[in-house]
Ligand code: COS
C-alpha cells in the first residue's frame, strides 16, 4: 500500500494490481528476449485483449473498460515498469489507434471499428509522420483526392508503431493544398485496401519488441465514408489526439523510471563493496533520494493530467508537462541506475541498459521535448499561467 493508493479510485487500484500481476508473470520473463530478437509479443498482446486492457479509457458501449485516462495511465505505467516495448504497443493502440475514431468518428464508424479494437482482436495504428513531416507534422505530403465515391491516397508514413500487425489505420493526407494546415484531413484505412501496403520494419535503439514500420499508399482506394470527421480538419484532430497520447507516453516514462529505480534500490542493498552493501554509502543514497523524488513529482504530473482529461478540463499544458518531465526523469533515472550497478549495469542481464534505451524513445515519440516546451510556452503566453 503506497500513499498514492489514497488518491486512486478502488476500480483503478484493482486494475493496477491485475496489470502488475500480468506484467510480472507474462512480460518479465520475455522482456530481455523480445528486445534482443526484435520480436513482437503477439501472444502477450492477445492476452492483454482478453484481460480488457486494450480499450481501458473507452466506454463499455464500445467494449472498453470505462476506466478513463487515469486507469489507462496506471496500466501503461505498470507494464512499462517491466517492459517498455509492450507499454508502447499498448499506448499506440489505445491513444493513437482508437483515439481518433473515438474522438472524431461518426456513430457508424465508432460502432464498426472501436469494439474489435477495444477487445484487442484488431490492432490499431496512426499514420502521421512522414520523411519531411516530423515536428512539423503539418508539412504532410501525402495526398487524398476524391474520385467518384472513393478517396485515392498517395504517399508514405514512417515510424508507425504497430504498423505490421495492425488492421485498422488512421492516416492524414492533404485534401486542399491551397489551405496549408487547414487543408489536411484524416482517413480510416483497413488492411487489405487496394494500393495500401506496409513496408520496412525499423531496427531501433530501444523498444525493440514493439513494431515500427512504414505505410505506403500507392493509388490506395478507400470508400468515401472513411473520411474521419470534417473534411480539412485533420490538423487540429491530430493535435488533439497527440494531447491525449502524451499522457500515456508520460505514464510509460514514469513506469520505466520506476523500474530502473526499483532495480537500483534492490541492487544497492545486495551488492557489497568495502565490506558493506553499497546502499550504506552516501554516494549511493544521494542518487536514490534524487530518483525517488523525481519519480514522485513525475507521477503527480502524469496522474493530474489524466484526471484533468477525465474531468473534461483543458489538459493540454499538463499533458505536455507530464510527458516532458516524466521522459527526462526516465532517462536520468536509467542513467543513475546504470551508474549504481556499475559494470553490471552495462550488460543485458541486469536490464537497466534496456530501460535506458527504451526511456530515450519517450523524449522523442509523440512530440520531442522541444515540442513539449513549445506547447507549454504557448499555453503560458495565452494566459494559462499557473495550475
Ligand atoms: N491541441 C489541440 N489543438 C491545438 C493544439 C493542441 N495541442 N495546438 C494548437 N492547436 C490548434 C490551434 O488552436 C489552432 O487552431 P485555430 O486554427 O482554430 O486557431 C490550430 O490548432 C493550429 O495551431 P498552430 O497555429 O499553433 O499550429 P502550428 O503549426 O504553429 O504549431 C505544433 C503546432 C508545432 C505545436 C504542432 O505542429 C505539433 O505539436 N508538432 C509536433 C507533432 C508531433 O508531436 N509529432 C510526433 C508524432 S508521433 S505520432
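The values are calculated or read from the model by the stated rules, or taken from the named source; none is laboratory data. Predicted, not measured: the structure shown is a model, and the values here were computed from it. Note that each Cβ is placed from the backbone with ideal geometry, even for glycine, and that neighbours are counted across all protein chains shown.
Quick notes
- Test result for residue 171, assigned to a strand (DSSP E or B), in the same structural domain as residue 224 (by TED's automatic domain parsing) and on the phi < 0 side of the Ramachandran plot: yes
- Answer from 175, 142, 129 - the residue that is in contact (Cβ under 8 Å) with a residue 60 or more places away in the chain and under 29 Å from residue 372 (Cα atoms): 142
- Residue check, residue 240 touching a strand residue (DSSP E or B) at 6+ places or on another chain (Cβ under 6 Å) and closer than 30 Å to residue 318 by Cβ: no
- Any chance residue 106 is surrounded by fewer than 23 Cβ atoms within 10 Å (Cβ to Cβ), outside the structural domain of residue 204 (by TED's automatic domain parsing) and over 26 Å from residue 46 (Cβ atoms): yes
- Looking across 316, 371, 338, 376, one residue alone is over 14 Å from residue 252 (Cα atoms), away from the ligand (no atom under 12 Å from the Cβ) and assigned by TED's automatic domain parsing to the domain that holds residue 267. It is 338.
- Total residues in region 178-188, condition without any contact (Cβ under 8 Å) to a residue 60 or more places away in the chain, within 14 Å of the ligand (Cβ to nearest atom) and in a strand (DSSP E or B): 1
- Any hit, region 245-258, residues being modelled with pLDDT of 95 or more, within 13 Å of the ligand (Cβ to nearest atom) and surrounded by fewer than 20 Cβ atoms within 10 Å (Cβ to Cβ): no
- Where helices (runs of 4 or more DSSP H) fall wholly inside region 63-153, the ranges with 2 or more residues that are within 13 Å of the ligand (Cβ to nearest atom) and within 15 Å of residue 169 (Cα to Cα) are 99-104.
- Among the residues making up region 211-244, those that are part of a loop (DSSP other than H, G, I, E, B) and more than 13 Å from the ligand (Cβ to nearest atom) are 211, 229, 231.
- Test: residue in region 37-49 that is farther than 17 Å from residue 162 by Cα and in the same structural domain as residue 116 (by TED's automatic domain parsing): no
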